[in-house]
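Presented below is the structure to which this report refers.
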Amino acid sequence: MSKERVHILGICGTFMGGLALMGKEKGIEISGCDENIYPPMSDHLKDMGIEIIEGYDSSDLPVADYYVIGNSISRGNPALEYLLSKKSNLISGPEWLYDSVIKDKKVIAVSGTHGKTTTTAMIAWIFEDNNIDVGYLIAGKPKDFEKSARLGSEDIFVIEADEYDTAFFDKRSKFIHYKPDTLILNNLEFDHADIFPDISYIFREFHHLLRTLKKEAQIIFPNDDSNISKVLDMGTWSKLISYDVNSNNKNSVIFNDDSKQTTYKIDQEQGRIDWEMFGEHNARNAISAALAAKQYGISLKDSLSSLEKFQGVSKRQDILLDTEDLMIIEDFAHHPTAIKTTLDGLRKKFPKKRLLAAIELRSNTMKSGFHDEQLLHSVSEADLIFWKGDDSEQVKGIINKNPSKFSDICNVDNFVDGIDSLFVAGDILLIMSNGNFDNLSKKPVSYTHLTLPTKRIV
């Protein structure tokens with residue numbers, strides 16, 4: 001019997017690349033095409049012997065049993081138009097994932113506006129550290145694993161479940177397809193302005209997700225998120241597991257400014273964690289992860305022990321440089337709340353340091369201007385902000401509202417060349433983007449031997 005053959009359109013994205021890696025693990029003959037072929041995903045795919053075709057020329061399409069269509073592929077794409085004309089077997093990535101990988105597994109899905117990638121990586125690592133070989137799909141590069149996705153030998157699968165649409169022919173959110181046994185609702189805010197007119201549409205998608213859950217499923221969520229409460233009020237049929245922040249209820253996390261003193265409580269268990277992750281948002285991610293692991297027999301004690309060893313995810317509180325003169329941290333930013341929580345956490349961790357932030361407004365929602373007023377509030381803890389895109393009217397408008405704090409030095413080459421005049425010894429630079437920021441994060445290696453003045457010379 002010949003192998004099943006699958007060709008993936010848009011293969012180099014984190015999600016679609018993860019599908020390719022798992023398909024290869026299952027023994028399926030996998031190939032794919034993409035316009036943007038870049039590491040690390042392209043390297044992972046090539047190392048697995050997966051053929052990648054550059055571009056979407058219909059003449060390059062191989063014969064396949066199924067063509068998996070990424071949600072970046074739209075009408076007008078020459079490869080897609082050719083496949084439609086031939087009435088080929090098209091399937092979305094999430095649908096193929098369910099049918100081919102997770103249908104017979106116990107699925108732990110992590111949803112919400114913020115913290116999905118980190119929480120998913122935390123859960124996968126807790127299982128791994130407790131010698132349970134689970135499958136996972138993480139939309140980022142976890143430092144504790146070689147790859148962002150794997151099948152695993154156990155019947156448990158951990159997946160990052162986002163609310164973005166499925167494919168050009170299926171505008172439902174991706175997570176509708178996963179049918180999780182355990183669902184984490186981290187938080188809920190307005191995002192993805194390119195596909196959702198307002199937050200009520202996001203509520204509807206999450207409500208649809210809850211309607212698909214079986215009665216025995218568990219929903220893990222914080223008690224203090226009003227938007228999650230609104231979604232739950234629309235109807236739930238599954239087991240609800242809530243937690244509190246800074247209270248001593250049944251399931252809770254008590255967060256202090258020093259994250260090393262954070263206390264966790266689940267049922268009758270209580271413990272503390274000593275780790276390098278900072279900020280209340282990571283304390284929340286950790287209690288969600290521990291509660292999920294608890295449903296599968298892992299104690300709070302064992303979860304916290306694992307999390308103390310957790311290395312995190314690339315571009316999430318990623319320390320690129322740590323010298324006596326300068327610390328440079330890279331973090332993911334697609335929303336003002338993500339910016340605020342990271343800056344607040346850094347300020348509490350380093351109260352006497354000067355905190356500078358370089359921010360790229362890259363997501364569709366951020367660039368739309370919808371969050372401009374919220375952005376002004378989100379950066380309040382920073383001493384100085386460098387905005388990429390100072391030539392845009394949006395960024396100019398933000399800078400003009402507070403010119404003393406908002407620098408317009410945003411050209412990356414000029415920024416790097418002039419860093420010794422911008423910073424003083426002891427400064428912290430936070431680079432925030434959900435893109436590559438013109439490879440700004442690759443520059444700090446050259447700062448290793450940089451000697452900064454102890455004070456700014458005016």
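Rule-based calculations on the coordinates, nothing more; no lab input. Keep in mind the model is a prediction, meaning the values are calculated, not measured. Because the Cβ atoms are built from the backbone with ideal geometry, glycine has one as well, and the counts that use them run over all protein chains shown.
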### Query
Where the centre of each part is set by its Cα atoms, how far does the stretch 1-70 sit from the stretch 285-364, in angstrom?
32 Å
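Shape call for the stretch 5-95 from the C-alpha gyration tensor, a ≥ b ≥ c root eigenvalues: rounded (a/c under 1.5), prolate (a/b greater than b/c) or oblate? Could the numbers behind the result be given before it?
Numbers: a/c = 1.67, a/b = 1.37, b/c = 1.21.
Prolate is the answer for the stretch 5-95, as a/c is 1.5 or above and a/b outweighs b/c.
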### Query
Once amide H atoms are placed 1.01 Å from N in the peptide plane, what residues at a sequence separation of 5 or more from E4, or on another chain, have their amide H within under 5 Å of its amide H?
E29
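Do any GluC sites (Glu not before Pro) in the stretch 1-84 lie in a loop, going by DSSP, with at most 15 other beta-carbon atoms within 10 Å of their beta carbon, and if so which? Spell out each step's value before the answer.
On the way: sites: E4, E25, E29, E35, E51, E54, E81; in loops: E4, E35.
Loop-located and lightly packed - E4, E35.
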### Summary
Sorted by chain and then number, the residues having a modelled amide H within less than 5 Å of the amide H of L321, at least 5 places away or on another chain, are I328
### Query
Around I273, which amide H atoms from residues at least 5 apart in sequence, or from another chain, sit under 5 Å from its own amide H, with H modelled in the peptide plane?
T262
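For the stretch 1-160, report the translational diffusion coefficient in µm²/s to the nearest whole number, using Stokes-Einstein at 25 °C, 0.890 mPa s, and a Kirkwood Rh over Cα pairs. Walk me through the intermediate numbers first.
Values: Rh = 16.1 Å.
Translational diffusion coefficient: 152 µm²/s.
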### Task
Kindly write out, for the stretch 241-246 in residue order, the coupling ³J(HN,Hα) from the Karplus curve 6.51 cos²θ - 1.76 cosθ + 1.60 (θ = phi - 60°), rounded to whole Hz, with x marking Gly and Pro.
10, 9, 9, 10, 10, 6
### Query
Assuming R0 = 45 Å, what is the FRET efficiency of L84 and S380, from their Cβ-Cβ distance, to the nearest 0.05?
0.35
#### Entry: trypsin sites (Lys or Arg not before Pro) lying in DSSP loop within the stretch 3-68, provided at most 15 other Cβ fall within 10 Å
K3, K26
### Task
For the stretch 8-25, just list the computed ³J(HN,Hα) in residue order, Karplus coefficients 6.51, -1.76 and 1.60, θ = phi - 60°, integers in Hz, with x standing in for Gly and Pro.
10, 8, x, 6, 8, x, 4, 5, 5, x, x, 4, 4, 4, 6, x, 4, 4
### Task
Report ³J(HN,Hα) in whole Hz for each residue of the stretch 336-343, in order, from the Karplus equation J = 6.51 cos²θ - 1.76 cosθ + 1.60 where θ = phi - 60°; Gly and Pro get x.
x, 5, 4, 5, 5, 5, 5, 5
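Using a Förster radius of 41 Å, what is the FRET efficiency between D144 and N249 based on their Cβ-Cβ separation? Nearest 0.05, please. Walk me through the numbers before you get to the answer.
Values: r = 31 Å, r/R0 = 0.74.
Efficiency at R0 = 41 Å is approximately 0.85.
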